[in-house]
Amino acid sequence: MRVVVLTGAGISAESGVPTFRDTDGLWHGHRVEDVATPEAFEVAPMAVHRFYDARRAALAEVEPNAAHVALARLEAALGNDLLVVTQNIDDLHERAGSTRVLHMHGELLSALCCSCRSRSPWTGDLGDLPPCPRCGLTDLRPDVVWFGEVPYQMDRIYLALATADLFVAVGTSGAVYPAAGFVEHATTYGVRTLELNLKPSEVTTLFDESREGPAGRLVPDWVDELLG
Ligand code: BJW
């Protein structure tokens, strides 16, 4: 059985990583749609650097939870027939043991050079304006996808969706496209769809089935069920 799992901020919530749109709908005092943009970076690069530097540092303090571990267990059983597509920029899937993970919105632990376009693994700060390891210019930005930018690996994702038997969305609000449209894309190709979320998302009604609860319980239960 070929399975594509889309994960969002909700899967990392129980690890202590804040989501974007829960509680008051504000993200560190801002609407995420206003600050996660190339324009915001152009106007206030140091504020954006400080923000991502803090999130990068915080990542070292959190651990994968039972949902990440269950998806790694599923990969151990299904091998190449499982693909995890994550909107998250943390590395908790990888730390749990998953290897087949596409980060469609980029990665915190990577820096992108605005001059030479090279990507470099990055664990430190970018706010102190370090030189690009490739070209030496001080023109690095977080290697993440902001609003108005094209998410990564879309061809591979759409191909995997079209050829899957099951599409599962875990802990994502369905507020951001193109990820929010994956359920319709999968349905067009006759793929069964399942949503696992703490509460209904903006696209819940488009799924064949939806289950409500914390990812740390729902995902291991679903993996147990699938592996029989
Ligand atoms: C739990 C839980 C627990 C909590 N257990 N669950 C008008 C209409 C349609 C589209 C557009 C439009 N105007 C503009 C657009 C396009 C735009 C868009 O979607 N805008 C919307 C505001 C409408 N999209 C884009 O610009 C994208 N690019 C694009 O479309 O390019 C064109 C193109 C596409 C494809 C091919 C070719 C061309 C880019 C979007 C980039 C998004 N970037 C961010 C920031 C990334 C870096 C960073 O992390 O800082 O990505 S924004 C932010 O939102 C982040 C997330 O990945 C993304 C999604 O958030 P997510 O994961 O769903 O989190 P939340 O907080 O929203 O939800 C948490 C969920 O978890 C909730 O449902 C909870 O219930 C649940 N939950 N605890 C289980 N314990």
Cα gyration tensor category, rounded, prolate or oblate, for segment 1-126 with a/c compared to 1.5:
prolate
Mean separation of Cα contacts under 8 Å, 6 or more apart, over the residue count of segment 101-228: relative contact order %:
17
With the chain treated as a Gaussian network of Cα nodes joined by springs under 10 Å, which of Val43, Val62, Val32 yields the largest mean-square fluctuation?
Val43
Expressed as a rounded percentage, what relative contact order does the chain have, with Cα pairs under 8 Å and six or more residues apart?
24
Per residue accessible area of segment 178-227, 1.4 Å probe, in Å²
50
Could you state the angle between the C-alpha long axis of helix 215-227 and the longest principal axis of the C-alpha atoms of the chain, as a value from 0 to 90 degrees rounded to the nearest 10?
50
Rounded to two decimals, the Debye log10 I(q)/I(0) of segment 81-170 (Cα scatterers, no solvent) at q = 0.20 Å⁻¹ is -0.99
Sparse-neighbourhood loop hits (GluC sites (Glu not before Pro), segment 45-152; DSSP loop; Cβ within 10 Å at most 16 others) -> Glu61, Glu149
Output ordering of 13-22, 170-179 (per-residue mean of other Cβ within 10 Å, highest first) is 170-179, 13-22
Solvent-accessible area, 1.4 Å probe, carbon plus sulfur percent, for the chain
53
With every protein chain present, what is the per residue accessible area of segment 43-103 (1.4 Å probe, Å²)?
41
More than 22 Å apart - percent of Cα-Cα pairs taken over the chain:
52
Taking springs between alpha-carbon atoms closer than 10 angstrom, which of Arg31, Arg141, Arg192 fluctuates most in the Gaussian network model of the chain?
Arg31
Report, in debye and to the nearest 20, how large the dipole of the chain comes out about its Cα centre when Lys and Arg carry +1 and Asp and Glu carry -1 on their Cβ.
400
Value in Å of the Kirkwood radius, where segment 139-201 supplies the Cα pairs that are averaged:
13.1
Disulfide-incompatible cysteines by the Cβ rule (no partner under 4.7 Å) in the chain:
Cys114
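The values are calculated or read from the model by the stated rules, or taken from the named source; none is laboratory data. Just so we're clear, the structure is a prediction, and the values are computed from it rather than from any experiment. When we count neighbours, we look across all protein chains shown, and the Cβ atoms used for this are built from the backbone with ideal geometry, even at glycine. The area values use the complete protein model at the heavy-atom level, side chains included, leaving out ligands, DNA and RNA. Shrake-Rupley method; radii C 1.70, N 1.55, O 1.52, S 1.80 Å.
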